[in-house]
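Chemist: Please find one structure pasted underneath; my questions will follow.
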Amino acid sequence: FQLREEVTFQKFLPKPHTATFFVPRNARFSYVRMKYLFFSWLAVFVGSWIIYVQYSTYTELCRGKDCKKIICDKYKTGVIDGPACNSLCVTETLYFGKCLSTKPNNQMYLGIWDNLPGVVKCQMEQALHLDFGTELEPRKEIVLFDKPTRGTTVQKFKEMVYSLFKAKLGDQGNLSELVNLILTVADGDKDGQVSLGEAKSAWALLQLNEFLLMVILQDKEHTPKLMGFCGDLYVMESVEYTSLYGISLPWVIELFIPSGFRRSMDQLFTPSWPRKAKIAIGLLEFVEDVFHGPYGNFLMCDTSAKNLGYNDKYDLKMVDMRKIVPETNLKELIKDRHCESDLDCVYGTDCRTSCDQSTMKCTSEVIQPNLAKACQLLKDYLLRGAPSEIREELEKQLYSCIALKVTANQMEMEHSLILNNLKTLLWKKISYTNDS
């Protein structure tokens with residue numbers, strides 16, 4: 001009876017309920033759609049922000065309009081003069097194309113001058129000191145185009161130029177010849193006289209290592225030709241292929257390409273091996289041109305692929321020589337610089353000296369010669385796809401070249417021997433090929 005009573009009692013107790021929620025199909029669809037919509041908008045926002053940052057950087061780097069305005073204002077007021085001034089500021093037959101600038105104060109553009117392609121370079125800002133990490137060509141004048149002053153004679157101007165060369169190049173015995181060469185270049189209208197405006201332009205340009213090197217090496221095959229100038233803006237010969245490696249892509253696409261994949265792309269788009277060998281020979285010949293040339297030794301302080309190009313015949317052409325500096329000038333600038341380690345004694349990216357721990361000052365002797373740096377750049381370039389019969393010898397010579405040190409005994413003899421051996425090996429292999 002008692003059991004029946006409990007069972008009967010339980011019948012009247014309320015049954016527990018389990019809460020169950022039913023999500024309508026439309027609601028689930030809306031949730032998924034909102035999730036994807038959120039991530040889509042997030043991707044658009046992040047992408048837009050990246051593009052905006054890159055565009056802001058681009059507009060900061062590419063200031064061609066400002067450069068033209070500064071130069072043309074000076075020209076129209078009679079301060080400066082040069083063979084490119086009228087085309088730039090009056091007839092406007094010299095105009096800027098694609099921006100190639102990598103620094104705001106060093107403007108560089110592909111340009112067209114009277115239907116001829118060229119590269120336009122312009123200095124935008126003054127620099128009162130040398131920044132060893134970034135800037136290799138300081139603007140030494142506090143006021144732009146302030147020298148020479150009105151009333152300066154041609155003889156006095158020659159003395160000014162001579163003193164500048166002596167400080168940059170050292171006490172060379174033939175500096176007078178270089179001064180006369182500069183006066184010839186400065187006479188832009190070829191009337192046999194250098195006007196004050198032309199002298200001011202020449203003086204500003206002579207502060208720039210690339211311009212000086214172009215004048216010194218104007219007859220050399222691998223140096224781009226100077227087409228003209230106006231103030232410290234100058235136009236040089238255009239080069240069809242502007243890097244040893246790869247293809248040129250829009251900056252927006254470059255932004256999303258991983259560096260490792262980009263290097264693989266670079267290797268994929270290099271010329272055939274005989275053509276690479278011919279380009280490499282051109283670089284070795286350029287190293288000869290700047291090593292103890294007629295007006296002293298120049299040091300290559302950024303030997304990267306982007307500074308070297310070649311034409312449709314696969315002859316090497318220098319694209320950017322702003323980071324090739326006179327050895328004497330470099331020694332004066334870097335010696336006695338305070339340092340904690342050898343890392344503090346680097347000029348550009350490739351000119352390295354050592355730190356004297358006893359005085360905590362940088363020494364003036366650069367460790368690696370130009371040839372060793374050039375071979376380091378060419379190692380992977382030449383070994384990839386090299387013919388099997390010369391690969392072992394080529395690799396051996398390249399590593400011997402990379403090991404060259406300035407302080408080694410009989411360095412100049414070793415330098416000449418290695419350079420000639422490399423050129424001979426490459427020429428011997430490609431002399432009878434169509435690609436050469």
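The rows are residues; the columns are (1) of a type outside the set (Val, Ile, Thr); (2) buried (at least 23 other Cβ atoms within 10 Å of the Cβ).
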residue: Phe269; (1), (2): yes, no
residue: Phe286; (1), (2): yes, yes
residue: Gly348; (1), (2): yes, no
residue: Thr363; (1), (2): no, no
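Chemist: Restricting the search to segment 227-258, which residues are over 18 Å from the mean Cα position of the chain (by Cα) and at pLDDT 70 or above?
Modeler: Within segment 227-258, Met227, Gly228, Phe229, Cys230, Gly231, Asp232, Ile257, Pro258 meet the criteria.
Chemist: Filter segment 385-436 down to the residues that are modelled with pLDDT under 90 and over 30 Å from the mean Cα position of the chain (by Cα), then identify the one that is farthest from Pro274 (Cα to Cα).
Modeler: Here the answer is Asn409.
Chemist: Could I ask something else about it? Given (1) modelled with pLDDT of 90 or more; (2) out of contact with any helix residue (DSSP H, G or I) (no Cβ under 7 Å at 6 or more places or on another chain); (3) part of a loop (DSSP other than H, G, I, E, B), identify the lone condition not met by Gly78.
Modeler: (2)
Chemist: Another question, if that's okay. Just to be sure I understand the filter: pairs with C-beta atoms under 7 Å, separated by 6 or more residues or on different chains, first member in segment 70-96 and in contact (Cβ under 8 Å) with a residue 60 or more places away in the chain, second member among the hydroxyl-bearing types (Ser, Thr, Tyr) and open to solvent by less than 40 Å² (accessible area, probe 1.4 Å). Which pairs pass?
Modeler: What qualifies is Ile80/Ser201; Asp81/Ser201; Gly82/Ser201; Leu94/Ser87.
Chemist: Here is a check on your reading of the model: is Phe165 assigned to a helix (DSSP H, G or I), open to solvent by less than 20 Å² (accessible area, probe 1.4 Å) and of a type in the set (Phe, Trp, Tyr)?
Modeler: Yes.
Chemist: Given Ile279, Ile324, which one is more than 27 Å from Gln107 (Cβ to Cβ) and among the hydrophobic types (A, V, I, L, M, F, W, C)?
Modeler: When all the criteria are applied, what remains is Ile279.
Chemist: To continue, here is another question. Does Thr407 satisfy being β-branched (Val, Ile, Thr), open to solvent by 20 Å² or more (accessible area, probe 1.4 Å) and out of contact with any helix residue (DSSP H, G or I) (no Cβ under 9 Å at 6 or more places or on another chain)?
Modeler: yes
Chemist: Hey, does segment 343-357 have a residue that's touching a Leu at 6+ places or on another chain (Cβ under 9 Å), free of Cβ contacts under 8 Å to residues at least 60 places away in the same chain, small (Gly, Ala, Ser) and under 29 Å from Ser163 (Cβ atoms)?
Modeler: no
Chemist: Let me ask something else about it. Any chance you could count how many residues in segment 365-384 are out of contact with any strand residue (DSSP E or B) (no Cβ under 7 Å at 6 or more places or on another chain), open to solvent by 60 Å² or more (accessible area, probe 1.4 Å) and under 22 Å from Gly293 (Cα atoms)?
Modeler: Number satisfying all stated conditions: 1.
This table checks each residue for (1) of a type in the set (D, E, K, R); (2) assigned to a loop (DSSP other than H, G, I, E, B); (3) within 20 Å of the chain's Cα centre (by Cα); (4) modelled with pLDDT of 90 or more.
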| residue | (1), (2), (3), (4) |
| --- | --- |
| Leu284 | no, no, yes, yes |
| Lys306 | yes, no, yes, no |
| Lys317 | yes, no, yes, yes |
| Met321 | no, yes, yes, yes |
| Leu333 | no, no, no, no |
| Leu343 | no, no, no, yes |
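The values are calculated or read from the model by the stated rules, or taken from the named source; none is laboratory data. For clarity, every value in this text was computed on a predicted model and none was experimentally measured. Reconstructed Cβ throughout: ideal geometry from the backbone, glycine too, with neighbour counts over all protein chains shown. Ligands, DNA and RNA are excluded from the accessible area calculation, which covers all protein heavy atoms including side chains. Shrake-Rupley method; radii C 1.70, N 1.55, O 1.52, S 1.80 Å.
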